[in-house]
Amino acid sequence: MIAVRRPDEHSPIGVFDSGVGGLTVLRALRAVLPERRFIYLGDTARLPYGTKSAESVARYSVQCAEALVARGIGCLVVACNTASASALEALRARYAHIPVIGVIEPGAAAAVAASRSGHVAVIGTEGTIGGGAYQAALRRLSPDVRVAAQACSLFVAMAEEGWVDGPIAESVARRYLEPMFSAVATPYGVPYRVPYGVPDTLVLGCTHFPVLVPAIRAVLPVGVTIVDSAASVAAVVAREAALSSEPSGKLKTADGGVQWLATDGAQRFARVSSVFLGHALRADEIEIIDL
């Protein structure tokens with residue numbers, strides 16, 4: 001049995017996703033751990049994971065993790081909801097010597113804490129919603145929670161195109177979300193008032209979705225809390241890896257930096273990154289690797 005070790009301050013933190021959506025998690029991590037070094041891997045040759053089988057996602061995830069572990073990481077962040085749903089336990093068993101942290105558990109915990117009514121909505125990719133990972137995680141934390149779930153597959157492409165607000169984005173968001181957040185249902189054309197009301201909390205169960213918050217917020221009822229798991233994941237990483245942005249008791253401003261890896265399309269990765277990071281990368285910063 002290999003003992004789990006706390007990574008020292010010199011170990012980079014590995015983060016992987018099927019593509020660029022995990023950059024929202026990386027951005028949150030860098031905000032709370034600015035001095036840490038990170039290695040980010042986007043498996044762009046095989047995206048999206050959300051439409052793949054659980055078996056394929058688990059296999060791809062192990063290959064991504066293997067590439068990062070080989071580069072000396074001291075902590076692994078699975079910045080993909082689909083991979084967290086399909087591969088997290090296998091990764092934790094395989095790499096028991098380092099912390100392995102997914103995005104579903106922190107997001108579910110934040111939703112349970114935020115909900116006043118115990119009625120939570122979750123949106124994500126087809127794989128995440130169909131697999132029921134968020135539903136199960138929420139019910140483990142709060143057995144009486146009511147969960148409404150909806151796959152929002154078009155949101156991924158919209159996010160990568162930068163269509164994050166405006167009439168088109170709001171129209172698609174309304175089409176997906178209105179049925180979950182309507183107090184009046186119309187099965188068989190007969191309207192009736194939903195007895196338990198609408199959810200008061202919405203979990204963004206895909207790392208692409210935070211950039212669509214302007215469009216999502218525009219169509220939600222007033223008072224609905226939006227839970228983005230990226231901030232929750234960053235807090236867990238800081239705690240589990242025994243890290244701090246102020247290890248010596250005084251604020252340090254040095255940037256530990258990021259090593260960028262992808263499995264295909266450096267030019268597109270660099271272009272799309274601006275939507276998620278707030279600034280564009282250069283293609284020559286991104287190393288293409290073969291898994």
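The values are calculated or read from the model by the stated rules, or taken from the named source; none is laboratory data. For clarity, every value in this text was computed on a predicted model and none was experimentally measured. In this analysis, Cβ positions are derived from the backbone assuming ideal geometry, glycine residues included, and neighbour counts consider all displayed protein chains.
Out of (1) within 21 Å of Val164 (Cβ to Cβ); (2) surrounded by 11 or more Cβ atoms within 10 Å (Cβ to Cβ); (3) modelled with pLDDT under 95, what's the single condition that is false for Val203?
Of everything listed in (1) within 21 Å of Val164 (Cβ to Cβ); (2) surrounded by 11 or more Cβ atoms within 10 Å (Cβ to Cβ); (3) modelled with pLDDT under 95, Val203 misses just condition (3).
Mind checking which residues of region 164-176 are buried (at least 16 other Cβ atoms within 10 Å of the Cβ) and without any contact (Cβ under 8 Å) to a residue 24 or more places away in the chain?
none
Determine which single condition Tyr95 fails, assuming it passes every other condition in (1) under 24 Å from Val236 (Cα atoms); (2) touching a Cys at 6+ places or on another chain (Cβ under 9 Å); (3) aromatic (Phe, Trp, Tyr).
(2) is the only condition that Tyr95 fails.
In region 141-160, what residues are free of Cβ contacts under 8 Å to residues at least 24 places away in the same chain and under 21 Å from the mean Cα position of the chain (by Cα)?
Leu154, Ala157
Looking at Ala90, Ala121, Ala108, Ala85, which one is farther than 21 Å from Arg239 by Cβ and within 14 Å of the chain's Cα centre (by Cα)?
Unique residue meeting the criteria: Ala85.
Going by the structure shown, is Val120 hydrophobic (A, V, I, L, M, F, W, C), under 27 Å from Val213 (Cβ atoms), in contact (Cβ under 8 Å) with a residue 60 or more places away in the chain and touching a Pro at 6+ places or on another chain (Cβ under 9 Å)?
Taking the combined requirement at face value, the residue satisfies it.
List every residue pair whose Cβ atoms sit under 9 Å apart, with the two residues 6 or more apart in sequence or on different chains, where the first one lies in region 38-60 and is outside any strand (DSSP E or B) and the second, anywhere, is among the acidic types (Asp, Glu) and surrounded by 22 or more Cβ atoms within 10 Å (Cβ to Cβ).
Sorted first by the residue in region 38-60, then by its partner, the pairs are Asp43/Asp17; Leu47/Asp17; Tyr49/Asp17; Tyr49/Asp43; Tyr60/Asp43.
Which helices (runs of 4 or more DSSP H) does region 101-163 wholly contain that include 1 or more residues that are at pLDDT 95 or above, closer than 17 Å to Glu89 by Cα and among the basic types (Lys, Arg)?
Ranges flagged: 133-141.
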